[in-house]
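First the structure, in the form of structure tokens, and then the observations on it.
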Amino acid sequence: MLAKVCSAAVNGIEAYPIEVEVNVGYGDTFIALVGLPDTAVKDSKDRVSTAMTNSGYKFPMGKTTINLAPADVKKEGPSFDLPIALGMLAASEQIETDQLDHFVAVGELALTGGVRSSKGILPIALRAKADGKTGILVPAENAAEAAVVKGLQVIPVQNLREAAQFLEGEIKISPTRVDIAKIFEHEHDEEFDFAEVKGQENVKRALEIAAAGGHNIILIGPPGTGKSMLAKRLATILPPLTLDEALETTKIHSIVGLLKPGQALITQRPFRAPHHTASDAGLLGGNINPTPGEISLAHHGVLFLDELPEFKRSVLETMRQPLEEGRVTISRAAGTMTFPSQFMLVAAMNPTPDGKMPGESKSSPREIQNYLGRISGPLLDRIDLHVEVPQVKFREMSGEKNGETSAQIRERVIAARKIQQKRFAHKPKITCNARLGPKELKEFCALDDATRELLKNAMTDLNFSARAYDRILKVARTIADLANSENILAGHISEAIQYRSLDRQLWT
């Protein structure tokens with residue numbers, strides 16, 4: 001007898017339907033699994049047969065053929081265990097149901113028959129909804145994740161027998177439901193707060209500008225000045241994720257398997273801080289079967305690279321395209337995949353190899369230039385704000401007065417972002433000032449004659465590049481938004497120019 005069960009697999013961050021066809025025939029007992037399965041899928045034969053026996057079902061006698069269609073796409077992972085087992089039960093007439101066409105099934109089976117959690121459940125649930133399915137059978141640990149998709153019955157199953165009995169109508173399982181509005185009602189992580197940072201008001205101001213416009217920023221200063229401390233608190237002043245951003249971010253984390261059991265959505269902006277020994281595959285993604293890397297895991301959040309010159313130059317250079325385009329394309333023998341990577345880059349570095357300021361360093365000028373030269377000009381051009389982080393004065397460290405809290409700064413950031421959302425309402429691809437293209441710069445960053453002359457003189461005197469010109473305009477637009485100014489004024493341009501210290505060859 002032939003049975004068909006609907007399932008799905010993930011390609012990139014999107015899912016595509018898989019039809020599991022199972023035919024139980026006559027002859028010697030044998031299982032043939034076809035449809036380009038990888039090793040994990042091939043091993044499902046042993047897991048499924050043992051799980052069926054331990055769940056109280058009989059293993060089908062005769063030749064059993066299992067086809068995973070479409071046959072020309074490689075199938076990966078153990079999540080086909082549950083649909084294969086249900087197909088074998090239906091094909092051997094151990095269950096009778098007309099619900100197999102209406103539900104998508106996904107999940108790994110334990111030898112006991114229990115259903116283990118699987119990766120990529122959210123994109124699979126979105127695919128099931130798009131295909132018009134009634135519902136989806138998922139591991140109980142993944143039910144909340146799938147339940148954020150409205151209009152889809154999410155059936156949490158603990159084991160194979162429970163799934164089979166539900167499809168037969170012998171038992172009822174209440175669909176999992178989540179309150180999305182309640183999920184977003186949370187306090188920001190109080191572990192870090194800008195009020196704990198003594199002094200460094202100029203750096204806090206630069207970080208506020210970066211958060212308000214989504215700009216990349218690099219912090220330059222000797223060890224012990226608080227660069228890492230400041231960077232870790234940037235996420236606390238970023239605006240909250242929208243539902244669309246949360247769904248896209250959650251899809252990426254779901255594919256990699258970073259969601260906690262029972263977690264429905266990623267509701268706080270990610271903060272990723274890879275070590276400087278990270279490879280290009282670890283940063284961008286890749287391996288034999290392309291998976292998201294750190295820059296995609298930081299999508300809609302912050303990617304913090306501490307000790308920037310210590311990263312391999314080849315690794316840093318691979319970030320240039322994602323920084324510009326907001327996505328990364330990985331080509332491998334297994335195929336080409338594109339992952340989103342709209343993140344804020346926050347980098348930190350010492351001014352010299354020994355960590356001291358240039359006037360105090362024992363390093364030679366050539367050694368200092370070689371150290372700074374590990375970061376290419378094109379990469380620096382893509383970093384909007386270059387900020388010096390000086391040593392904190394004793395009276396600031398010993399003072400009892402605290403600075404502004406993250407909540408106070410975040411209010412101004414959110415107000416500036418609302419101005420940008422209104423401005424770019426007819427341009428959905430532009431979410432903040434940092435994403436402005438050449439055409440939009442002319443439209444939204446117009447200057448009067450006096451301001452234009454000021455910028456012209458700065459470009460000439462400080463030898464700025466053409467890309468630096470665009471960055472200054474974008475930062476000035478954000479400074480104007482923070483000041484609730486419709487026009488970019490001379491003061492806004494002047495402040496933006498101050499944040500190009502490396503363009504001004506600070507250390508020479």
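The values are calculated or read from the model by the stated rules, or taken from the named source; none is laboratory data. All values derive from a computational prediction rather than experimental measurement. FYI the Cβ positions are ideal-geometry reconstructions off the backbone, even for glycines, and counts take in every protein chain you see. What goes into the accessible areas is simple: the full protein's heavy atoms, side chains included, and nothing from ligands, DNA or RNA. Shrake-Rupley method; radii C 1.70, N 1.55, O 1.52, S 1.80 Å.
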Structure-derived Rg and Dmax of the Cα atoms in Å: which label, when the choices are [x] 27.5, 89; [y] 22.3, 66; [z] 22.7, 71: [x]
For TYR469, what accessible area in Å² do you get when you roll a 1.4 Å probe over the heavy atoms of the protein chains, rounding to the nearest 10? 80 Å²
At a 1.4 Å probe radius, which order do PHE30, PHE166 fall into by accessible area, largest first? PHE30, PHE166
Taking region 339-418 and dividing mean pair separation by its residue count, relative contact order in percent (alpha carbons under 8 Å, at least six apart): 16 percent
Output for region 113-185 (equivalent-ellipsoid semi-axes, sqrt of 5λ from the C-alpha gyration tensor, Å, descending) is 20, 13, 12
Evaluate the relative contact order of the chain (contact order divided by residue number), counting alpha-carbon pairs under 8 angstrom at least 6 apart; express in whole percent. 13 percent
Please list, ordered by chain and number, the residues whose modelled amide H lies under 5 Å from the amide H of LEU109; skip anything fewer than 5 residues away on the same chain. ASP81, LEU82, ARG116
DSSP-loop GluC sites (Glu not before Pro) across region 6-114, with at most 10 other Cβ within 10 angstrom: GLU96
By how many degrees, between 0 and 90 and to the nearest 10, does the Cα long axis of helix 121-130 differ from the longest principal axis of the chain? 70 degrees
Using amide H atoms built 1.01 Å from N in the peptide plane, name the residues 5+ places from VAL104, or on other chains, whose amide H lies under 5 Å from its own. GLY135, ILE136, LEU137
Nearest-0.05 FRET efficiency for GLU168 and ARG366, computed from C-beta distance (R0 56 Å): 0.10
Measuring from label point to label point, each 7 Å out along Cα→Cβ, what is the PHE184 to ALA273 span in nm? 2.9 nm
Among beta bridges assigned by DSSP with both residues in region 288-423, the antiparallel ones amount in percent, to the nearest 5, to 60 percent
Which whole-Hz ³J(HN,Hα) couplings does region 216-227 yield from phi under the Karplus relation 6.51 cos²θ - 1.76 cosθ + 1.60, θ = phi - 60°, glycine and proline marked x? 6, 8, 10, 9, 10, x, x, x, x, 8, x, 4
Under 1.5 on a/c is rounded, so check that first for region 176-323, then, if it is not, pick prolate when a/b is larger than b/c and oblate when it is not; a ≥ b ≥ c are the square roots of the alpha carbon gyration tensor eigenvalues. oblate
Placing +1 on the Cβ of each Lys and Arg and -1 on the Cβ of each Asp and Glu in the chain, which of GLY12, ILE121, HIS386 has its Cα farthest towards the positive end of the resulting dipole? HIS386
What is region 298-430 by shape, rounded, prolate or oblate, if you read a ≥ b ≥ c off the alpha carbon gyration tensor as root eigenvalues and call it rounded for a/c under 1.5, prolate for a/b larger than b/c, and oblate otherwise? oblate
Report, ordered by chain and residue number, the lysines lying within cross-link reach of LYS456, taken as a straight Cα distance under 17 Å and ignoring same-chain residues fewer than 8 apart. LYS442, LYS474
Leaving ligands, DNA and RNA out of it, rank ARG423, ARG500 by accessible area with a 1.4 Å probe, largest first. ARG423, ARG500
What is the magnitude of the charge dipole of the chain about its Cα centre, with +1 placed on the Cβ of each Lys and Arg, -1 on the Cβ of each Asp and Glu, and no other charges, expressed in debye to the nearest 20? 860 debye
Tell me, what is the percent relative contact order of region 1-133, built from C-alpha pairs under 8 Å that lie six or more residues apart? 34 percent
Report ³J(HN,Hα) in whole Hz for each residue of region 438-448, in order, from the Karplus equation J = 6.51 cos²θ - 1.76 cosθ + 1.60 where θ = phi - 60°; Gly and Pro get x. x, 5, 6, 4, 5, 6, 10, 10, 5, 10, 7
Carbon plus sulfur, as percent of the 1.4 Å-probe accessible area of the chain, comes to 49 percent
Check PHE271: other-chain or 5+ apart residues with amide H under 5 Å from its amide H, H built from backbone geometry? VAL302
Here is the link list: LYS129/LYS150; LYS356/LYS393; LYS232/LYS422. Which ones come out longer than 20 Å on Cα distance? LYS232/LYS422
Express the accessible area of the chain per residue in Å², computed with a 1.4 Å probe while the remaining protein chains stay in the model. 45 Å²
Working out 0.36 nm times the residue gap between ARG320 and SER465, then minus their Cα-Cα distance, what length gain in nm do you get to one decimal? 50.6 nm
